[in-house]
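Okay, so here's the structure we're looking at.
The values are calculated or read from the model by the stated rules, or taken from the named source; none is laboratory data. Source: prediction; values computed, not measured. Using ideal geometry, Cβ is built from the backbone for each residue, glycine included, and neighbour counts are taken over all protein chains shown. We work out accessible area using only protein heavy atoms, side chains counted, and drop any ligands, DNA or RNA first. Shrake-Rupley method; radii C 1.70, N 1.55, O 1.52, S 1.80 Å.
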Amino acid sequence: FPVTIRVVFGTVSGRLFLSERQSDLPTLQGNLIVDQAQIKGNIFSKEFQEQMIGTVGGSQGVDIDGNLDIRIETKEPIAVETSFLQALVHVDLHVGNTIKQPEIEGILDIASGELKFPYKSLFITHGQIVMLPKNTTEPTFEFVAKGKIKRYNITMRASGTMMDQQIHFESSPYLTEEQIISLLLVGSQESSLSVVMPAMLMQKLQDIIFGPAMSKTKLDVMFNR
């Protein structure tokens, strides 16, 4: 049956079983397979994580309760697409605890991806988002993206949580991080961008990489600034 979960669109198949014993809470358990799915949100953004968690936790406030034991997996990787990010993501999640207080545990594994910087893209070689049941609202992530611009091999490493992200750039031959950012934005490591408020440039990049999905127009405006 087709489903829409906020920013996730796709087809889900599987089985759910509801069992009950007189002395225990009823238990809803089973397996769901996600197929032909697409995400129109930024999977690295706080907004996306809150929407996904909010969807699972949408049963809070209902009168009934019960135990949860549901596995959610992808048959084919989910296509993620925004104006800045394209990726293929495998999902392996477990929804547990209770209906009123559900907990998510599992991994969103990034099979491949592309970060669309203005001058030239970087390609995600591997990455994942990890959710732990006692810390569902603060998943951890890490990914590595690489590319070649002119004679420079660029590597970008990102890790952290929704509230605390770290980005590091390195290159061979060596460039400073500010020079690498200039290279990604305008194609020149000699750009005046590299000497104008490096901390501001890094903050703007964090806003783009870890912020909500933007239209192509809005992305252009932010990069042009």
Quiz item: Among all residue pairs at least 6 apart or on different chains, which show Cβ distances below 8 Å where the first residue, located in region 15-41, is at positive phi and the second is basic (Lys, Arg)?
Solution: Gly30/Arg15; Gly30/Arg71
Exercise. Determine, yes or no, whether Leu201 is in a helix (DSSP H, G or I), at pLDDT below 85 and open to solvent by less than 30 Å² (accessible area, probe 1.4 Å).
Key: yes
Quiz item: From the list Met163, Met131, which residue is in contact with a helix residue (DSSP H, G or I) (Cβ under 9 Å, 6 or more places away or on another chain), exposed (fewer than 14 other Cβ atoms within 10 Å of the Cβ) and in contact (Cβ under 8 Å) with a residue 24 or more places away in the chain?
Solution: Met163
Quiz item: Across region 161-181, what is the total count of residues that are more than 20 Å from Phe44 (Cα to Cα) and in a loop (DSSP other than H, G, I, E, B)?
Solution: 4
Quiz item: How about region 212-225: which of its residues are within 20 Å of the chain's Cα centre (by Cα) and either surrounded by 17 or more Cβ atoms within 10 Å (Cβ to Cβ) or farther than 20 Å from Gln166 by Cα (or both)?
Solution: Ala213, Met214, Ser215, Lys216, Lys218, Leu219
Practice problem: Please indicate, with yes or no, whether at least one residue in region 43-59 is at pLDDT 90 or above and among the aromatic types (Phe, Trp, Tyr). | Solution: no
Exercise. Name the residue, out of Glu103, Glu81, that is open to solvent by 50 Å² or more (accessible area, probe 1.4 Å) and modelled with pLDDT under 95.
Key: Glu81
Quiz item: Restricting attention to region 166-186, and to residues there that are hydrophobic (A, V, I, L, M, F, W, C) and more than 16 Å from Pro118 (Cα to Cα), which single residue is surrounded by the most Cβ atoms within 10 Å (Cβ to Cβ)?
Solution: Phe169
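Tell me which strands (runs of 3 or more DSSP E) are completely within region 95-160 and hold 3 or more residues being under 28 Å from Thr176 (Cβ atoms) and polar (S, T, N, Q), or say none if there are none.
Details: elements: 102-115, 122-131, 140-149.
Strands (runs of 3 or more DSSP E) meeting the threshold: none at all.
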Quiz item: Of everything in region 7-40 that's of a type in the set (Ser, Thr, Tyr) and surrounded by 13 or more Cβ atoms within 10 Å (Cβ to Cβ), which residue is modelled with the highest pLDDT?
Solution: Thr27
